[in-house]
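What follows is one structure encoded as structure tokens, with my remarks underneath.
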Amino acid sequence: MDIKHCKRCDSKFYIGIPSPDICCPFCGYFLDSSDLRRRTTKRELFRKNCILRNGFGALTAKTIDISQGGVGVNIFEESLPFSKDDKLAVDIVDIIDTNIKKMALVVWTKKHINNYIRVGLKFD
């Protein structure tokens, strides 16, 4: 199930099956495909080194983008020592201006042919 957000009446509601033809059950507003995106907060490009920690130890990664709800990272490893729904400690530390330490949930992983794995993390 997905949570959707109506632009017109600001209501949130669940949908079971994604479809391009959905109306808000509260006000009847027709939601087009751009309204049905999962992310509700804006992503910003954010290129920093980070460390992901779990029971496997520490793994170095590179952030790609960040939002209020999570962060996308690239990992340059052959295989991942974690999987979807695992909890990780995310440390993004930059000497100049960044110091983010949060817990995150692995939402998705995708292996690319360029020898890296893209990971979507949702902050707790």
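Looking only at the range 103-120, filter to residues that are under 18 Å from Arg47 (Cβ atoms) and out of contact with any Leu (no Cβ under 7 Å at 6 or more places or on another chain); which one of those is surrounded by the most Cβ atoms within 10 Å (Cβ to Cβ)? Among those that are under 18 Å from Arg47 (Cβ atoms) and out of contact with any Leu (no Cβ under 7 Å at 6 or more places or on another chain), it is Val119. Pairing residues of the range 44-68 that are in the same structural domain as Pro81 (by TED's automatic domain parsing) with residues that are in a loop (DSSP other than H, G, I, E, B) and polar (S, T, N, Q), at Cβ distances under 6 Å and at least 6 apart in sequence or on separate chains, gives Ser67/Thr41; Gln68/Thr41. Scan the range 86-107 and report the pairs whose first residue is in the same structural domain as Leu59 (by TED's automatic domain parsing) and whose second residue is crowded, with 17+ Cβ neighbours inside 10 Å and of a type in the set (Ser, Thr, Tyr), with Cβ atoms within less than 8 Å and a gap of 6+ or a chain change. These pairs meet every condition: Ile92/Thr63. As a summary of the residue check, Asp85 satisfies the conditions (1) outside any strand (DSSP E or B); (2) of a type outside the set (S, T, N, Q); (3) under 20 Å from Lys42 (Cα atoms) except for the one numbered (3). Residue count for the range 69-85, restricted to those that are in contact (Cβ under 8 Å) with a residue 40 or more places away in the chain and under 13 Å from Leu121 (Cα atoms): 7.
The set of residues in the range 75-102 being crowded, with 16+ Cβ neighbours inside 10 Å, touching a Phe, Trp or Tyr at 6+ places or on another chain (Cβ under 7 Å) and at pLDDT 90 or above consists of Ile75, Leu88.
The values are calculated or read from the model by the stated rules, or taken from the named source; none is laboratory data. Quick caveat: nothing in here was measured; it's all calculated off a predicted structure. Here Cβ is always computed from backbone atoms with ideal geometry, including for glycine, and neighbour counts include all displayed protein chains.
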